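Contents: one structure, followed by commentary.
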Amino acid sequence: MSLIPKSHPRAKSLLIREKLVEGFDKGLVAREGLLAQGRGEAFDYLLGEKTGKASKRAIKAAAAQLLVAKMPVISVNGNIAALCPEQIVLLSKQTKAKLEVNLFYTNKKRKNAIIKTLKKNGAEQVLGTKKTSSKKLSGIDSARRIVDKDGIFVADVVVVPLEDGDRTMALRNAGKTVITFDLNPLSRTSQTANITIVDNVTRAIDLLIIETKKLSKKNQKSLLKIIDEFDNKENLKENIIQIKNNLTRRAKIA
Ligand code: ATP
Ligand code: MG
């Protein structure tokens with residue numbers, strides 16, 4: 001039971017933080033994951049804690065990309081399992097994407113806790129579990145290069161929410177189309193991915209599910225057009241300008 005009153009001016013942010021701390025206590029989240037959340041929170045504050053126009057555009061492009069993918073995979077880490085397990089399973093069902101547990105800080109116990117959480121939230125199959133199915137991505141150091149031979153290794157489109165820059169780079173080098181959620185438009189992941197959704201994953205994931213439902217009625221040609229018209233670099237610029245405009249507005253009323 002949460003002790004945070006709904007009327008608290010920062011209730012939403014505190015509730016997200018609480019979920020992560022609970023996830024940490026349950027063995028889902030790494031200590032480093034708590035720090036990543038803190039960095040995310042700072043950027044969310046600067047963005048005005050809302051989904052801007054540029055993020056909505058990225059969500060639409062991501063939905064189209066997932067629907068045209070032949071073999072999409074969603075990579076799940078501890079933070080995602082703690083913040084939005086139900087939604088991530090829903091997204092995978094909606095887009096026929098496989099789920100793979102892929103951790104920056106590998107740890108068998110934590111991996112099992114994440115798998116358990118995903119299954120409890122309706123996941124049928126979770127990849128990245130068996131040693132026998134592991135394959136190595138090149139261009140990245142040992143422990144972090146392991147991926148599932150039936151998952152990320154053969155995927156054409158990979159969703160990596162809250163990912164590290166090195167790994168995003170390795171996925172791009174392996175020829176994958178990368179979609180990410182990252183609150184920091186300046187991070188290496190944001191700058192390296194093909195489609196960067198600069199938004200809190202807890203807000204954006206629901207919008208992405210809605211968008212995939214909406215776009216599933218469109219034909220392949222219109223989906224490809226949406227992807228083609230999307231320019232990630234331009235979009236990131238707009239996200240940075242959103243921060244600048246928000247700060248300018250705040251400076252005026254301070
Ligand atoms: P990079 O390695 O890409 O340069 P980094 O080293 O600054 O990034 P990491 O810890 O590797 O950061 O990646 C975590 C990223 O996830 C951070 O950029 C952080 O802003 C972002 N993040 C944290 N919590 C959330 C959240 N709830 N929603 C979206 N993004 C988040
Ligand atoms: Mg990093």
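The values are calculated or read from the model by the stated rules, or taken from the named source; none is laboratory data. Note that this is a predicted model, so its numbers are computed, not measured. Here Cβ is always computed from backbone atoms with ideal geometry, including for glycine, and neighbour counts include all displayed protein chains. Side chains included, ligands, DNA and RNA excluded: accessible areas come from the protein's heavy atoms. Shrake-Rupley method; radii C 1.70, N 1.55, O 1.52, S 1.80 Å.
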Whenever you get a sec, compute what percent of the accessible area on segment 53-245 sits on carbon and sulfur atoms (1.4 Å probe). 51
Over 14 Å, how big is the tail of the calculated P(r) for segment 1-73, in percent of all Cα pairs? 72
For the chain, accessible area per residue (1.4 Å probe, heavy atoms of protein chains only), Å²: 53
When the helices in the chain are scored as -39500 (n - 2.57) per DSSP H run of 4 or longer and the sum is shared across all residues, what 222 nm value do you end up with, to the nearest 500 deg cm²/dmol? -17000 deg cm²/dmol
Checking GLN87, GLN242, GLN125 against a Gaussian network model of the chain (alpha-carbon springs below 10 Å), the top fluctuating residue turns out to be GLN125
Extending each Cα 7 Å along its Cβ direction at LYS53 and ASN121, get the distance between those two points in nm, one decimal. 3.2
Going 7 Å from the Cα of ILE240 toward and past its Cβ, which residues in segment 163-200 have a backbone nitrogen under 11 Å from where you end up? 185-187, 191
Please identify which residues in segment 42-62 have an amide N closer than 20 Å to a label point set 7 Å out from the Cα of LYS218, following the Cα→Cβ vector. 52-62
